[in-house]
1. Leaving ligands, DNA and RNA out of it, work out the accessible area of Thr3 with a 1.4 Å probe and give it in Å² to the nearest 10.
2. Please calculate how many Å² of accessible area the chain carries per residue, with a 1.4 Å probe and no DNA, RNA or ligand atoms counted.
3. Quick one: ranking Asp143, Asp14 by accessible area, 1.4 Å probe, largest first, what do you get?
4. Build a GNM of the chain with springs between Cα atoms under 10 Å: which of Pro187, Pro42, Pro54 gets the top mean-square fluctuation?
5. Would the chain count as rounded, prolate or oblate if I go by the C-alpha gyration tensor, calling it rounded below 1.5 in a/c and otherwise prolate when a/b exceeds b/c, oblate otherwise?
6. Dipole size in debye (nearest 20) for the range 19-117 around its Cα centre, Lys and Arg Cβ +1, Asp and Glu Cβ -1?
7. Restricting to DSSP H runs of at least four residues, report the calculated mean residue ellipticity at 222 nm for the chain, -39500 (n - 2.57) per run over all residues, nearest 500 deg cm²/dmol.
8. If you place +1 on the Cβ of every Lys and Arg and -1 on the Cβ of every Asp and Glu, how big does the dipole about the Cα centre of the chain come out, in debye to the nearest 20?
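The values are calculated or read from the model by the stated rules, or taken from the named source; none is laboratory data. Please read these numbers as outputs of a predicted model, since none were measured by experiment. Because the Cβ atoms are built from the backbone with ideal geometry, glycine has one as well, and the counts that use them run over all protein chains shown. Accessible surface areas use protein heavy atoms only, side chains included; no ligands, DNA or RNA. Shrake-Rupley method; radii C 1.70, N 1.55, O 1.52, S 1.80 Å.
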Amino acid sequence: MTTAPRFVPLANGDWTAEHRALLRGKLPAADRYLRDDADGPPLPNILGLFGHHPQLTAEWLGWNARLLEIASLSPRRRELVILRVAWRTQCHYEWAQHRVLGLDAGLTEDEIAAIAEPGAAWSGVEGDLVDAADQMIDGRRVDDDTWMRLSEHFDHPQLLEVLFLIASYGALAQVLNSVHLPPDPGPDGLVHKLPEPEDRR
């Protein structure tokens with residue numbers, strides 16, 4: 001199977017002002033890349049991908065902002081869930097991006113490594129979040145026991161956030177995997193690849 005990108009991410013100079021305007025204001029972290037001149041910082045590959053259909057992807061970017069910046073879940077727990085989804089779906093792009101965000105949110109290198117282990121032994125509510133991600137990926141629903149435990153820690157809005165976080169990043173992973181989107185280098189200039197043992201469960 002080829003891993004060459006099926007869509008070459010657009011560079012700054014490939015965008016029209018109208019297309020930049022469609023995405024600008026949807027996700028504050030993305031706005032610094034969406035300048036009206038072609039001399040802005042290099043676009044992350046995901047924005048370069050979104051540039052192929054900004055009428056569609058602008059709405060996704062706005063939705064993503066709700067999950068990342070307006071959520072009531074703690075950043076640590078949010079990134080734990082996203083990284084587990086990235087691991088289970090073998091989404092290299094999500095893994096590389098959210099590894100950096102996970103470290104910023106308080107996850108350690110050892111904890112991030114444990115996310116990518118078969119049957120990783122997380123305890124308490126974080127273990128329940130990992131289980132919820134696995135169950136939604138495997139069976140398309142959270143089982144009753146896990147739901148009951150999560151309900152002891154989270155209110156209804158937070159429970160919906162957990163479900164939409166898993167479902168949304170699972171859907172995004174399918175898109176990114178299908179177009180073979182290459183990961184961006186991290187702040188250290190390295191691309192941190194997703195570990196790939198035989199058993200991802």
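1. 100
2. Numbers: 10430 Å² over 201 residues.
With the other protein chains kept in place, the chain gives 52 Å² per residue.
3. Details: Asp143 55, Asp14 95 Å².
Of Asp143, Asp14, the descending order of accessible area is Asp14, Asp143.
4. In the Gaussian network model the winner is Pro187.
5. On the way: a/c = 1.98, a/b = 1.57, b/c = 1.26.
Cα axes put the chain in the prolate bin.
6. Working: 12 positive and 13 negative charges, 66 e Å.
For this selection, approximately 320 debye.
7. On the way: 10 runs with 115 residues, N = 201.
Taken over the chain, the calculation gives -17500 deg cm²/dmol.
8. Values: 19 positive and 31 negative charges, 112 e Å.
So the dipole magnitude of the chain works out to roughly 540 debye.
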